[in-house]
């Protein structure tokens, strides 16, 4: 997913100032808004058990 698509998701959730955020910041904001850990790109990401995460594929390759 590209940054523009992620920015649109964030905007639909009501997250403000998305134009100034980098990709990982956008994803962290979305994760936090959803009530999840803001773990995208975390050092332990290859051991993550969240198989249904929208960001998993991108995160694992991050």
Length-normalised contact order for the stretch 3-61 - Cα pairs under 8 Å, 6+ apart - percent: 24 percent
With percent of Cα pairs over 12 Å apart in mind, check [x] 71; [y] 76; [z] 65 and report the label derived from this structure. [z]
Tell me, 20, 11 in order of fewest to most beta-carbon neighbours within 10 Å? 20, 11
To the nearest 10 degrees, how steeply does helix 3-12 sit against the main Cα axis of the chain, on a 0 to 90 scale? 70 degrees
Pairing the Cα long axis of helix 23-33 with the longest principal axis of the chain, what angle in degrees results, from 0 to 90 and rounded to the nearest 10? 90 degrees
Highest GNM mean-square fluctuation among 47, 25, 34, for the chain with Cα springs under 10 Å, belongs to 47
Quick check on the exposure proxy: order 12, 18, 32 from fewest to most C-beta atoms within 10 angstrom. 12, 32, 18
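No lab work stands behind these numbers, since they all come straight from the coordinates. Keep in mind the model is a prediction, meaning the values are calculated, not measured. Neighbour counts are summed over all protein chains in view; Cβ atoms, including those assigned to glycine, are modelled from backbone coordinates with ideal geometry.
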